[in-house]
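Student: Here it is, the structure in full.
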There are 2 protein chains.
Amino acid sequence: MITGKNYVGNQLSAKGNKIFTTFNPVLNTKNSWTHTEASKEEINEAVTLASKAYEEFKNISGKDKAAFLNLIADELLALDNHLIKTYCLETGLPEGRAQGERSRTVFQLRSFAELVAEGSWVEATIDTPIPDRTPASKPDLRKMNIPIGPVVVFGASNFPLAYSTAGGDTAAALAAGCPVIVKSHPMHAGTSELVASAMVKAIKKLGMPNGVFSHLNSSGIAVGQQLVKHPKVKAVGFTGSIRGGRALLDLAAQRNEPIPVFAEMGSVNPVVILPEALQSRNAELAKTYANSITLGTGQFCTNPGLIFGLKSKALDQFIEHLGREIQAKESTVMLHPNILEAYEASKSKALSQPKTTVVTHTKDKMPANYAQQAILTVQGADFLENHSLHQEVFGPFSLIVQCESLRELESIIANLEGQLTGTLIANSTEINQYQTLISALQNRVGRLIYNGVPTGVEVCPSMVHGGPYPASTDSRFTAVGIHSIKRWVRPFSYQDWPNQRLPDELKNENPLGISRLINGEQSTRKI
Amino acid sequence: MITGKNYVGNQLSAKGNKIFTTFNPVLNTKNSWTHTEASKEEINEAVTLASKAYEEFKNISGKDKAAFLNLIADELLALDNHLIKTYCLETGLPEGRAQGERSRTVFQLRSFAELVAEGSWVEATIDTPIPDRTPASKPDLRKMNIPIGPVVVFGASNFPLAYSTAGGDTAAALAAGCPVIVKSHPMHAGTSELVASAMVKAIKKLGMPNGVFSHLNSSGIAVGQQLVKHPKVKAVGFTGSIRGGRALLDLAAQRNEPIPVFAEMGSVNPVVILPEALQSRNAELAKTYANSITLGTGQFCTNPGLIFGLKSKALDQFIEHLGREIQAKESTVMLHPNILEAYEASKSKALSQPKTTVVTHTKDKMPANYAQQAILTVQGADFLENHSLHQEVFGPFSLIVQCESLRELESIIANLEGQLTGTLIANSTEINQYQTLISALQNRVGRLIYNGVPTGVEVCPSMVHGGPYPASTDSRFTAVGIHSIKRWVRPFSYQDWPNQRLPDELKNENPLGISRLINGEQSTRKI
């Protein structure tokens, strides 16, 4: 049941007086339930509880954390159709997508459970002492990753499950041993509350410390700002717009104690199509890319928003093909009127730039909240000059950039902002010939894709979902995959600490049987 | 020979018109050589060269990087007495310290050489494809750490070799594959130039790309500011004061493209002496701590600046003993009149705080630039109220805080700022009894020490030299040990990339024989 209240720790609470509702974009009406925004008092209470819970939670075993994460997954699944239906009512996304995203969320929770149950992720590192070393004795030093403290997670508008309440950021933080305060996304506050209720169930069943998780409603930016400024908050996870992520980064940087913000802020995901590949796979590429551009109404961080080619007859044909394919696609609904409005505004801005040409722009009359997809094209020199064309248009939109020369293309790629992905469409000989171009592309992205599409972010240890700013606020981390846990931990050393008081991960007898770096050798041995 | 010029890449250059000299604190005179501050043009040239050099350097093999680092170490040693003498003339530190620090620097360079020659540090992670997976095929994904780009390193005043020109930050960045621009510390610009000349020799001998290293002189903050703001600079390493580090962090956060700053800014390194240990080792502890407090004229980031005990007769005795031991120590020279001035100012501020009592304060007439060591004491409640007593006094100084109760002590520890180290002096039964206190201490520090002193930072993989702000700007990294390389790299994914075009680290045949995470299993196997 959706109560519309916040979870301050395990306690339902609604002390505030700001009420808001979510929206059904398909029916173009407000949903029937309402939510109460968290008050300042509730925010402070949630953070204080998290800070207290940290004292206990930071020391619980990997096995107990694994049981917790697995039970969250179970309870999430137990919400069953209620969750799926609410998800659809709040997003306009189809049931299949809701189910798929739930599976992804469950998979993420179980992946982190497996990681921490095994235990080697703490990167235990041991250097044994040399008491008789000269000129000074060498102490006993042992290092491992420990949780950084309470983490605030912002729900993402476009992934109500996988990048929100019990999504990747939260799963990674809990796995690390960090309490989490979720600021739910106002557009899917009901879905978020249901997930929160599943998490609180798991907490109660396992007797996890009260405050290890709180869930706060917000209708705007105030709740998030207060959370990021709170002295007891130690890190922030965010998925959303550049403007939103940058604002949080700036807030965090201005604190007396600056804290890490990992914001994944999307990108335009440049795709470079080399001449031979374009020649040989013209129509097929157009079809593939029309699908990728319109997938989920273009509401993915990895949507291909920029396509580069060298001017040629083949490129002209590709533009024509892609235009036709996009034209033939049925329009689909966006998540929310606000997102549609933002899409229309940024698309209009692109359309109004001098020297851009419309390839296709669906103008059919269509239901409320549906997006009119568009493809534009521009000459390389004009693109290079006009930075506003480098910006993301979040929705079913792509800009084809026609370059005069390889040198121009290389120069454009080198001048792009940071991106989550870069895609190279090439034949097998071409990948050997364009090393300067590929190197320039690598410098700007977190992931290089060969002959594929950027949409589809596989959840696995080898995934990097992140990249140079503004794709993310810190390119040294990924938001997806088990290694995303590194965002929420810090290395910690014990010097000459008595063996029996060390955490199990660092004890001589290696009771957990984990892999450790002992005097420079990786091993599961005892000492 | 000290030319006083900058190295812009391999080129000696002195286009600026600001001339400065270093200072001999022992003789209380300027040194005979002069330096020319880098001009704006030279700064820009150095960064541009670094950015170009990155294109080549990012792809060189681990073995070649190892040869480079080892040759830097060799060339450093070849500077022989010229380096040692210059070091002493610019710092007032004794020859033994210069030699020890040189050994440490060489050891660091060789440790990183070993790390990258072996190669597994890139954390290669491979997930092989599942073409027939439903509902969607699984792509081939391979991830490894790649260098982040040109890194600016600020020389540290108190470690002219180990944390400066070819010190830990530089060695880690070069090992990672990042070009380095060193802003030399104005107080030891001659020592720094000598080290730079050794590095340029190594670059030339091995044909490393011009621009992989530059060395810029500065007399104040302008050169550093310009470097941190330069769009082609991708990360910053700094060791020094909180004010200096925070200023750089703020500058970097205000860039269009914010970049990571790892600043290690020192701390007060709280030492907690528990009652039984105090009782049984009173005089011995006083002697040990008198040595630690005055070591290197107290000019270490890990100098014990705060000592906590529970009020008792034993604590009174300890205070008396420590006062006598400190009184008996001969005063020693500080690095520079500016540092002495800063010491006197912050010490005077501490002395002028209400409710502090002087235990000892050497007032003998002494040579210019020598530091008068001091021990103060204060009641716990007064310390808790007066935040200015929590600040570092950089020099031979320590404040003893006398706590009324364990609860007061716990509360004080929980309210301390972030620290590099926390030390527990306890008997073997006490370490079991004071878990709340120890947990609070752990939350505030990067390294916990049992029955030792915080001074002495062992260079080994298990060392954490860093900690919660303001000990460092990002507690998720260490400044010392091979894992400090993580500050300068970012993870990078290849999706469906052709095997022959992958870096060796990720190729099926594993030509480097490194350890990789393949489908979740750590192994050196081929695929």
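Student: Between B:K205 and B:T48, how high is the FRET efficiency from 1/(1 + (r/R0)^6) when r is the Cβ-Cβ distance and R₀ = 22 Å? Nearest 0.05.
Tutor: 0.40
Student: Another one. Can you list which of the trypsin sites (Lys or Arg not before Pro) found in region B:11-51 are DSSP loop residues with at most 15 other C-beta atoms within 10 Å?
Tutor: B:K15, B:K18
Student: Only four residue types carry charge here, +1 at the Cβ of Lys and Arg and -1 at the Cβ of Asp and Glu. Report the dipole size of the protein assembly as shown about the Cα centre in Debye, rounded to the nearest 20.
Tutor: It works out to roughly 420 debye.
Student: Between region B:19-40 and region B:125-160, how many Å separate their Cα centres?
Tutor: 43
Student: Here's something else I'd like to know. Quick one: work out the % antiparallel among DSSP beta bridges in the protein assembly as shown, nearest 5.
Tutor: In the protein assembly as shown, DSSP labels about 40 percent of beta bridges as antiparallel.
Student: Could I ask something else about it? Grab the residue from chain B whose Cβ hugs the B-to-A rotation axis most tightly, plus its distance in whole angstrom.
Tutor: B:A253, 2
Student: For the charge dipole of region A:112-263, defined by +1 on Lys and Arg C-beta atoms and -1 on Asp and Glu C-beta atoms about the Cα centroid, which residue among A:I148, A:A175, A:P129 has the Cα displaced farthest towards the positive pole?
Tutor: The listed residue farthest towards the positive side: A:I148.
Student: Share of antiparallel DSSP beta bridges in chain A, in percent to the nearest 5?
Tutor: Looking only at bridges with both residues in chain A, the antiparallel portion is about 45 percent.
Student: Taking beta carbons within 10 Å but only from partner chains, what does the mean come to for residues B:468-479?
Tutor: 5
Student: Please state the charge dipole magnitude for region A:222-335, taken about the Cα centre, from unit charges on C-beta atoms (+1 on K and R, -1 on D and E), reported in debye and rounded to the nearest 20.
Tutor: That gives region A:222-335 a dipole magnitude of about 400 debye.
Student: Got the A:S331 label distances to the other copies yet, label 7 Å along Cα→Cβ, in nm, shortest first?
Tutor: Taking the point 7 Å beyond Cα along Cα→Cβ, the inter-copy spacings are 8.3 nm.
Student: List, in the order given, every pair from A:K232/A:K526; B:K30/B:K232; B:K65/B:K183; A:K58/A:K507; A:K18/A:K349 whose Cα-Cα distance in the structure shown is over 29 Å.
Tutor: A:K232/A:K526; B:K30/B:K232; A:K18/A:K349
Student: For chain B, which longest stretch is free of loop sites, where a loop site is one of the GluC sites (Glu not before Pro) that DSSP puts outside H, G, I, E and B and that has at most 16 other Cβ atoms within 10 Å?
Tutor: Longest run free of exposed loop sites: B:1-329.
Student: In addition: If I model the protein assembly as shown as equal point scatterers sitting on the Cα atoms and use the Debye formula, what is log10 I(q)/I(0) at q = 0.04, 0.05, 0.07, 0.08 Å⁻¹?
Tutor: Here log10 of I(q) over I(0) equals -0.20, -0.32, -0.63, -0.83.
Student: In addition: Give, rounded to the nearest 20 debye, the magnitude of the charge dipole that chain A has about its Cα centre when Lys and Arg contribute +1 at Cβ and Asp and Glu contribute -1 at Cβ.
Tutor: So the magnitude is around 840 debye.
Student: Separate question: Taking the label point as lying 7 angstrom from Cα along the Cα-to-Cβ axis, what are the distances from A:G100 to the corresponding position in the remaining copies, in ascending order and in nanometres?
Tutor: 6.3
Student: Okay, next question. Based on the mean of other Cβ atoms within 10 Å per residue, sort peptides A:478-486, A:105-113 so the most packed one is first.
Tutor: Packing order, densest peptide first, comes out as A:478-486, A:105-113.
Student: Related question: Between B:K30 and A:K329, what is the spin-label point distance in nm, taking each point 7 Å from the Cα along the Cα→C-beta axis?
Tutor: Calculated label separation equals 7.0 nm.
Student: Can you tell which of A:A381, A:V228, A:T423 lies farthest toward the positive end of the dipole of chain A, using +1 and -1 charges on the Cβ of basic and acidic side chains (Lys, Arg; Asp, Glu)?
Tutor: A:V228
Student: Work from the charge dipole of region A:270-450 (Cβ charges, +1 for Lys and Arg, -1 for Asp and Glu, about the Cα centre) and give the residue of A:G309, A:A345, A:N443 farthest towards its positive end.
Tutor: It is A:A345, whose Cα lies furthest towards the positive end.
Student: In chain B, if every C-alpha pair distance is counted and binned at 20 Å from zero, what percent goes to each bin?
Tutor: 22, 49, 26, 3, 0
Student: Same structure, new question: Cross-link partners among lysines for B:K355, C-alpha distance below 23 Å, same-chain residues fewer than 8 apart left out?
Tutor: Output for B:K355: B:K311, B:K313, B:K347, B:K363.
Student: Using a 10 Å cut-off around each Cβ of peptide B:138-149, what is the average number of partner chain Cβ atoms that fall inside?
Tutor: 4
Student: Could you quote the convex hull projected area for region A:270-450, Cα atoms only and averaged over all directions, in nm²?
Tutor: Over all viewing directions, region A:270-450 projects a mean Cα-hull area of 9.3 nm².
Student: Calculate the mean, over all residues of peptide A:506-519, of how many other protein chain Cβ atoms lie within 10 angstrom of the residue's Cβ.
Tutor: 1
Student: Once each part is reduced to its C-alpha centroid, what is the distance from region B:354-399 to region B:268-285 in angstrom?
Tutor: Computed from Cα coordinates, the inter-centre distance equals 19 Å.
Student: Could you tell me, in Å, what Rg and Dmax come out for the Cα atoms of region A:1-155?
Tutor: When restricted to Cα atoms, region A:1-155 yields Rg and Dmax of 22.3, 78 Å.
Student: Restricting to region B:270-450, what percent of DSSP beta bridges are antiparallel, rounded to 5?
Tutor: Of those bridges, close to 20 percent are antiparallel.
Student: Can you list, shortest first in nanometers, how far B:S388 lies from the same residue in the other copies, with each label 7 Å from Cα toward Cβ?
Tutor: Values, ascending and in nm: 5.3.
Readers should treat all values here as calculations from the given coordinates under stated rules, not as data from a laboratory. Everything numeric here is computed off the predicted structure, so don't read it as measured data. All Cβ positions, glycine included, derive from the backbone under ideal geometry; neighbour counts span all protein chains shown.
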